[in-house]
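The values are calculated or read from the model by the stated rules, or taken from the named source; none is laboratory data. Because the structure is a prediction, the values reported are computed rather than measured. For neighbour counting, all protein chains shown are included, and Cβ atoms are generated from backbone atoms with ideal geometry for every residue, glycine included. The protein model used for the area step is the full one, side chains on, heavy atoms only, and it has no ligands, DNA or RNA in it. Shrake-Rupley method; radii C 1.70, N 1.55, O 1.52, S 1.80 Å.
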Amino acid sequence: MSSFDAVLAQYEKNKNATSGNANKVSQEDRMKKYFTTVLPKGSKGEERRIRILPTKDGSSPFVEVKFHEIQVDGKWIKLFDPAQENLRSPLNEVHDALMQTGVESDRDAARNYRSRKFYIVKVIDRDHEEDGPKFWRFKHNYKNDGILDKIIPIWRNKGDITDPEKGRDLIIELTKSKTPAGK
């Protein structure tokens, strides 16, 4: 069997699979693993209380990672950038190729392929402690007014907020606001 035939057979098998939802994680199960700051529909605002967990080796709990944000079928998804592990990154290759053409419209299109820095931190969601530790991913803000920029002054003023004895919970206030596009 050639690789061409193998690919077509694989595609047909997966396309016609009746158990296509077998590997999908329910939204409820996903929320047990990940902390999110997305407001439910109809909510104008909420407060959430978390505790950032310390690392075993005393390093920063904020792990820096890069993701590509791509729109697929009208939904924004985040794809891990393999370049941070010294692996080939096709999306970065497209970005670099578009940047090198010298055409302004290509430079604009290249922005859609650039990876962006995020932080991942392990937390306890105080409102759902029974779920155990969760992971919170948030975007780095180059204007210095992002989530990490709000947490660092607390750290400076109160010390290590992850300390099990003297640490502190963080209260996150969520509100609906309009985007620059008016949404």
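If V65, V103 are ordered by their accessible area, calculated over protein heavy atoms with a 1.4 Å probe, which sequence runs from highest to lowest? Present the calculation step by step, with values, prior to reporting the outcome.
Values: V65 20, V103 70 Å².
Largest to smallest exposure gives the sequence V103, V65.
Could you tell me which GluC sites (Glu not before Pro) in the stretch 76-172 are loop residues by DSSP with no more than 11 other beta carbons within 10 angstrom of their beta carbon?
Working: sites: E85, E93, E104, E129, E130, E165; in loops: E165.
Here the sparse-neighbourhood loop sites are E165.
So, in nm, how far is label R116 from label S3 when the simple model puts each one 7 Å beyond its Cα toward the Cβ?
Each label point lies 7 Å from its Cα, and together they span 3.5 nm.
Rank these residues by their accessible area, most exposed first, probe 1.4 Å: L170, L79.
Putting L170, L79 in descending order of accessible area: L79, L170.
How big is D, in µm² s⁻¹, for the stretch 119-159 by Stokes-Einstein at 25 °C and 0.890 mPa s if Rh is the Kirkwood radius over C-alpha pairs?
Estimated diffusion coefficient is 209 µm²/s.
Just to make sure I understand: if all protein chains stay in place, what is the order of K166, K33 by accessible area at 1.4 Å, largest first?
Largest accessible area first, the residues go K166, K33.
Computed from the coordinates I sent, Rg/Rh (Cα atoms, Kirkwood Rh) equals one of (1) 0.95; (2) 0.98; (3) 1.03. Tell me the label.
(3)
Report the chymotrypsin sites (Phe, Trp or Tyr not before Pro) located in the stretch 86-121 that are in a DSSP loop and have at most 12 other Cβ atoms inside 10 Å of their Cβ, or state none. Please list the in-between numbers first.
Values: sites: Y113, F118, Y119; in loops: none.
Those that pass, being in a loop and sparsely packed, number zero.
Name the residue farthest towards the positive end of the dipole of the chain from the options N141, V121, H95, assuming +1 on Cβ of Lys and Arg, -1 on Cβ of Asp and Glu, about the Cα centre.
N141
Convert each backbone phi in the stretch 71-87 into a coupling constant with the Karplus relation 6.51 cos²θ - 1.76 cosθ + 1.60 (shift: θ = phi - 60°), then list the ³J(HN,Hα) values in order as whole Hz, x for Gly and Pro.
Listing the rounded values in order: 8, 10, 6, x, 10, 7, 10, 10, 10, 4, 8, x, 4, 6, 10, 6, 10 Hz.
In deg cm²/dmol and to the nearest 500, what is the mean residue ellipticity at 222 nm of the chain if only DSSP H runs of at least 4 residues count, each as -39500 (n - 2.57), divided by the residue total? Before the final figure, lay out the partial values.
Working: 5 runs with 49 residues, N = 183.
It comes out at -8000 deg cm²/dmol, rounded to the nearest 500.
Scan the stretch 61-97 for trypsin sites (Lys or Arg not before Pro) in coil per DSSP, keeping those whose Cβ has at most 13 other Cβ atoms within 10 Å, and list them by number.
On the way: sites: K66, K75, K78, R88; in loops: R88.
Those that pass, being in a loop and sparsely packed, are R88.
Full-extension gain between V38 and S105, please, as 0.36 nm times their residue separation minus the C-alpha to C-alpha distance.
Additional length available on full extension: 20.8 nm.
Determine ³J(HN,Hα), in whole Hz, for all residues of the stretch 144-157 in sequence, where each value follows from phi through the Karplus function 6.51 cos²θ - 1.76 cosθ + 1.60 and θ = phi - 60°; x replaces Gly and Pro.
Residue by residue, the stretch 144-157 yields 6, 9, x, 4, 4, 5, 7, 7, 4, x, 5, 4, 5, 7 Hz.
Test of understanding: what is the full-extension gain from V94 to T175, defined as 0.36 nm times their sequence separation minus their Cα-Cα distance? Don't jump to the answer; show the numbers that get you there.
Numbers: separation 81, 0.36 × 81 = 29.16 nm, distance 3.64 nm.
Working it through step by step, the gained length comes to 25.5 nm.
Using only protein heavy atoms and a 1.4 Å probe, report how much of F4 is accessible, in Å² to the nearest 10.
About 140 Å², ignoring ligands and nucleic acids.
Report, in debye and to the nearest 20, how large the dipole of the stretch 43-183 comes out about its Cα centre when Lys and Arg carry +1 and Asp and Glu carry -1 on their Cβ.
380
Using unit Cβ charges (K, R positive; D, E negative) and no other charged atoms, how large, in debye to the nearest 20, is the dipole of the stretch 129-168 about its Cα centre?
On the way: 9 positive and 8 negative charges, 66 e Å.
Dipole magnitude for the stretch 129-168 comes out near 320 debye.
Positive end of the dipole of the chain, charges at C-beta (+1 Lys, Arg; -1 Asp, Glu), about the Cα centre: which of I50, L8, P82 has its Cα farthest in that direction?
Of the candidates, I50 comes out farthest on the positive side.
Just for the Cα atoms in the stretch 113-183, what are the lengths along the principal axes, largest first, rounded to whole Å?
Sorted from largest, the Cα extents of the stretch 113-183 read 44, 29, 26 Å.
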